[in-house]
Every structure is written in structure tokens, then in C-alpha cells.
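Peer 1: One structure, as C-alpha cells, below. Some questions next.
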Amino acid sequence: MKIVVCVKQVPDTAAKVVVDGGVVSWGDAPLVINPWDEYAVEAALQLAEKSGGTVTAISLGGEAAKEALKHALAMGCNDAVLVNDPALADIDTQGAARVLAAAIQKTGDARIAVFGKQAIDGDSGVTAAQTARALGWPALTLAASVSLDGDTLKVERAMEEGRQKAEAPLPAVLSIVKDFGEPRYPSFMGIRKAAKAEIPAWSLADLGVAAPAAAVTWKEILNPPARQVTNEMITGASPDEIAAKLADKIMEEKVL
Amino acid sequence: MDFTLSQEHNMAVEMVRNFTHKEVIPTIREWDRKQEMAPHILPRMAELGILGINIPVRYGGQGFDYITLGLVCEELEYADTTLRVVMSVHMGLNSMAVLQWGTEDQKQRFLVPQAKGEKYACFGLTEPGAGSDVAGMTSTAIKKGDHYVLNGEKMWISLASKAHHALVVARTNLNAADPHDGLSAFLVELDSKGVTTGDIHGKMGVRAGSTGWLAFQDVKVPAENLLGEEGEGFKIAMSCLDNGRYTVGSGATGLIRASLDASVKYANDRKAFGREIGKFQLVQQKIAYMVQSYEMARLLYMKSGWMKNQGLRNTRETSLAKWFATDASFDAAAEAIQVHGAYGFSDEYDVERYLRNSKGAVIYEGTSEIHQLMQASYALGYRTDGDLRCELPAYDEEYWQADS
């Protein structure tokens, strides 16, 4: 069974992201695979291991996105494809979903498409559901555990209110949350394979789809409002005295 | 000249960094306080393939080059010196010696399980009464029929109580005109009858690691476990040090980086006299020296690793890399404490551990004084390196990565 996992290249979580003149910048911080997508790769690999299937990683982006794909290959994915086209520069999530759906279909016989719950740059969290819509497949989102029973995909969804068990027939789209379990590290053997891998790039023409127009545009990007913070060191002759002063201060400020 | 690291190098570093940041750094202070090695460290290093990183795939390793070994050691010691020490003894001093000097049978019996991480390996050279004076050792291995009888004690042995195998140097010829020529090297299984081991406590540093002793009382070592030829023990031991020192030098480079990063973070956070202490020039000077030391130490070990890849003798370069990096790591850690002020004096911060951990490497695998003598001897023309009967094989990507 072929499983596709969609990954995105994003700025490192440790990067200091700022807006300068309406342009987002993360300085010289490295680009990394979207951390949520590592959980998706882990889920895809576990499904493949249990079903004897293969995993193809797909990313939509420029040349730099190959790094995310190589990370996925080093974790154990069988192959990878980059979807790269200049016309994709300003697409929204709906456009990305249409292109991803076309790429998933072009892989031939994919039965499951796995996503991370969201990307840490755009933070929309809707691409998995939109891709399912474009494919016409059911979407099982926010999955904390996944199992396959014949042609039925069963998940336990992690929701704020609790857990929900859900299932859907294949083919289906999955999105994975952190509760799924720690993603594996790339193996050294996988790293060697990934470093040597030639990753094919598909254009929109290869996929047979037109450049999707963005329905949602970012009109303005702003830094979060600066917060005024003052520090006050609480001192005292003993830990007890310091604790008592701290408690008084907390009560005074109505923190408690 | 190309200073670019390959994608394989960078991805290997990233993988080891992920491991140390997730599984080592969060708890290392507690294990250091307990003076115990965290039980998961060796199994995880084995499982992840770190213990066989630069050994050919056909011998159970991961097939990476010698530069990767240096990069991995830098990354491991960034987290804690004890992890790099594992690589120094298991890989640098033992497994690479078996790769260099071992017979095919020895490689199958010792190197394969070591590279796979199924067995851990250590190195027994130093004795209670013989450190820098290697030829002054008193351990003996006397041949009796098809085996040698090993007696003696080895001291300050990393992984002494954890290892399954040890490369042990002992005197086989009690009457050799030059005592150096009377030494031989053996691959010893530490579950053999007559072997006892133990850990030393109360060390200044590397407290989250295993450092101990090996004692041999009438231990029968099969003749086929002789590494190299009889009388080659000193040369083998010195060739082991070319590899062990490489791991120590590259590891110490990581310790400099750890001191630098900790100092930069603290200097940007801590305020005095109304501004960040990083704004003060004397703090900047300390940080500038750390940057300088880091870059120099890294260039030195990279050159040494490159020479190993090329199959070039690197005793001189590796000695220089080890001497410089370990001295510089001690200085960097001391200055990092100074940047941290009183907090640096407490184990609430990592920098006091960095200082304690840095001191050992200035002593073991050739004290800084030994390296100074070596460098002066090379410069003065008193010392040259002759060819070895078995050289460390040059890195050949195709051979290294082929299954057989």
C-alpha cells in the first residue's frame, strides 16, 4: 500500500521571526522540516511498517524544500517528490491543497495521505482538510493514534474536550498531533541514502493543473505589540522571608 | 581549498544534536551530581549507530568518514564530556585499532559486535605507576602454549565497568633491550576468568561517566587475540592515540562552543549597571577569545580528520589539535564561569561542570606537556614519524559503504 506524507520546509522554531517593512524575516536561522510534519512522517512510517507498504514524501516549495524531503527520506521514507513551480509563490492553503491533491493522485495508487496538524509558519491548520476535499477523500484530523483494519482507517482524535474515536474507509487523509508519540531520528543509513537521493521536481504542467488563484491574501503582517515588562528582585535574609515577601507581592498585585 | 561540509556531515550532526538535546541535556546535571552514568546512554548510542559511525558497513558500522567522527564528538561533548569519552575509548582507542591492525578473524569477532553496539570496548594502557611513561608499565603477558597469561592492573580506564572488550597493552618480553620493544597488544574479553573491574568515584569531572580500573590475575588470553605482532604493542598504542586524541580534540572543541554559547546567552540576559553585561568590553573580550579558540580548534581537528580520510599520517597534526583544543576548552570554561559571576560558581548553571569536565582532557591521552615536547621535537627535527606496518586505512566511500 502506498502512503503519501506531505511535509513543509519552515523556519526553525528557535528562529526569531520579525516583520520588517511588511516582510517576514527569520534572519540567518536555518530552515527545517515543519516539526508537526515529523509526527506525520512517523505515523506514515508506522502504517507502512505494519501494512508492508511504502511511503512517498511530497513537499510543495522551492529548492530549499528538498531539505525537508531529505529529512523525511533519512527518517525512512522510500522516495520523495518536490512540487516546484514559480506560479506557486503566492498561493493560499486552498490552492496548496489542490496542487497537493494533484500530486498525491499522480503518485498513482496512494491510499492514505498524512499531514502534520499544521505548519508553524502559516499556522492555518486547514491544509489537510482542504486536500481531503480536493481529493474527495474523508479526513480524519488531529489523530493521536492510528490503526488499519482491512480497508478501514481507525483513529483516536485528540480534542480539547477529550478523545474521540473515528474511522473512515480508504482512501483517506490523516492529520497527526503530538500525542501520537515521538518521531524517530533520521538513521545514519537513512542519512546516507537521503544525501545521495535525486529528488524529482514536478511542475504544475507535470501535474496537469492550472496555477490556482489565491482567494485569501495577506494584506498586512505585523509584529506582536511590544509588552512593557519590569523586573523586581525580591531579596531577604532567609528563603522564608523572601517567600513571604513574594506571597505578599502576589496578593498585592492580585495575581491570586 | 573547499571548507564545505557535505550534506551527510550536516545531517549526521543534526541527528546527534537532536539526540543530545532531547535525551541527554535535560537530565545530565542530575547524573553528574549522582556520579553515575545514565543507564540509557550507551544503549541509545548503540541503537542510533553512533558507536559504529565511521566503521565500514561490512564490519557492522555506518560507513561514514573520519571527519564525521570528529563532528559527532564535537556534538556529543557539547552536551557532556562523558558521551565523547565513550567515543574516545570505544571507537578511537579500540575499534579503530582493530580496523587498522586486526586480522579478518579479529575484525569479525571484535570489531563487528563493537560497531553494531552489541559490545562496548575500552582501552587498557595506563597503570597506577605508569602514565606518560608507557614503557614503564609492569603488566605482563607470558606465552604458554596456545595462550598468554595476563597479569597486572590498569587504572583510569574509561568504561572499565561497562565494557565487554578491552585492548590491553602488556609486557611480553621481560628482557627486551629497549623496554618499548617488549610490549604487545591484546584484545581481551572482560568476562574472562581472572578479570575484575571497578569504577573510581570522587573524580573532579566526567562524573556522569564510567572511569575505573581493570585487574588481571592469571587471565588466559588466546594467542589469536594478540593484536599485531609480538613486540608491536608500543607502536600500536601510539597509533591508537592518534585516533583517541582526535576524538578528544574534536570533543574539546564542542566544549569550547558550549562555554561560548552559555556565555553569550548569559551576557545577553544579565544586566548590571543598567545594561546587558555583554555591552561591557571586558566581557566582550572573553567571548571574543572563545570565538577565536573555537574556530582554531575546529580547523585543527578538521585538518586532522581530512588527513585521516586521505590516509596520511597525522600524529603531529592530531597532537596539535588535541593540545590546543583541550587547553583552550579549560580556558573557555574558566572564562565562562567568570562571565556568569557568582552563578557560574553554582551547579545551577552548566559552566562549572564544563570546567570540571575540561580538566581531565588536559591530562589524559598525552598531557599538554607531552604534546609540547612532541611539537618542539618535530620543529627541531628531533622527531619524525616512520611508516607503520599497518596504517589506518584511508576513507574510501565505496568500500566503506558496501555491504561486503
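Any read-out appearing in this document is the output of simple, stated calculations on the displayed coordinates, not a laboratory observation. Note that the structure is a prediction, hence the values are computed from the model and not measured. Backbone-built Cβ (ideal geometry, glycine too); neighbour counts: all protein chains shown.
Peer 1: Of the residues that make up segment B:30-42, is at least one within 16 Å of A:A74 (Cβ to Cβ) and either acidic (D, E) or touching a helix residue (DSSP H, G or I) at 6+ places or on another chain (Cβ under 6 Å) (or both)?
Peer 2: no
Peer 1: Is segment A:229-244 home to any residue that is surrounded by fewer than 10 Cβ atoms within 10 Å (Cβ to Cβ), under 20 Å from A:D92 (Cα atoms) and free of Cβ contacts under 8 Å to residues at least 12 places away in the same chain?
Peer 2: Narrowing segment A:229-244 to residues surrounded by fewer than 10 Cβ atoms within 10 Å (Cβ to Cβ): A:229-233, A:235, A:237-240.
Then drop every residue that is not under 20 Å from A:D92 (Cα atoms), which leaves none.
No - not one qualifying residue is present in segment A:229-244.
Peer 1: Any idea which of (1) touching a Leu at 6+ places or on another chain (Cβ under 8 Å); (2) within 14 Å of chain B (Cβ to nearest Cβ); (3) outside any helix (DSSP H, G or I); (4) among the aliphatic types (A, V, I, L, M) is the one A:A194 doesn't satisfy?
Peer 2: Among (1) touching a Leu at 6+ places or on another chain (Cβ under 8 Å); (2) within 14 Å of chain B (Cβ to nearest Cβ); (3) outside any helix (DSSP H, G or I); (4) among the aliphatic types (A, V, I, L, M), the lone unmet condition for A:A194 is (3).
Peer 1: Answer yes if at least one residue in segment B:25-33 is closer than 17 Å to B:T82 by Cα, basic (K, R) and at the interface with chain A (Cβ under 10 Å from one of its Cβ atoms), and no otherwise. Reasoning before the result, please.
Peer 2: We begin by selecting, within segment B:25-33, every residue closer than 17 Å to B:T82 by Cα; these are B:25-33.
Then keep just the ones that are basic (K, R); that gives B:29, B:33.
Adding the requirement that they be at the interface with chain A (Cβ under 10 Å from one of its Cβ atoms) leaves none.
Checking segment B:25-33: not a single residue is closer than 17 Å to B:T82 by Cα, basic (K, R) and at the interface with chain A (Cβ under 10 Å from one of its Cβ atoms).
Peer 1: Among the numbered conditions (1) of a type outside the set (A, V, I, L, M); (2) without any contact (Cβ under 8 Å) to a residue 40 or more places away in the chain; (3) within 14 Å of chain B (Cβ to nearest Cβ), tell me where A:R157 comes up short.
Peer 2: Against the list (1) of a type outside the set (A, V, I, L, M); (2) without any contact (Cβ under 8 Å) to a residue 40 or more places away in the chain; (3) within 14 Å of chain B (Cβ to nearest Cβ), A:R157 comes up short only on (3).
Peer 1: Let me ask something else. State which residue is nearest to the other protein chains (Cβ to nearest Cβ) when the search covers only segment A:197-216 and only residues that are within 21 Å of the chain's Cα centre (by Cα) and surrounded by fewer than 18 Cβ atoms within 10 Å (Cβ to Cβ).
Peer 2: A:A201
Peer 1: Just checking, does segment A:245-255 include any residue being assigned to a loop (DSSP other than H, G, I, E, B) and surrounded by 10 or more Cβ atoms within 10 Å (Cβ to Cβ)?
Peer 2: No, that holds for no residue.
Peer 1: Please work out which one of (1) within 14 Å of chain B (Cβ to nearest Cβ); (2) of a type in the set (S, T, N, Q); (3) more than 18 Å from A:A72 (Cβ to Cβ); (4) surrounded by 11 or more Cβ atoms within 10 Å (Cβ to Cβ) is the condition A:S187 fails and give its number.
Peer 2: (3)
Peer 1: Tell me, please, whether a residue that is more than 13 Å from chain A (Cβ to nearest Cβ), out of contact with any Ser or Thr (no Cβ under 8 Å at 6 or more places or on another chain) and in contact (Cβ under 8 Å) with a residue 24 or more places away in the chain can be found in segment B:4-18.
Peer 2: no
Peer 1: Right, here's the next one. So which residues in segment A:30-50 are farther than 12 Å from A:I120 by Cβ and either touching a residue at least 12 places away in the same chain (Cβ under 8 Å) or crowded, with 20+ Cβ neighbours inside 10 Å (or both), if there are any at all?
Peer 2: The answer is A:P30, A:Y39, A:A40, A:V41, A:E42, A:A43, A:A44, A:L45, A:Q46, A:L47, A:A48, A:K50.
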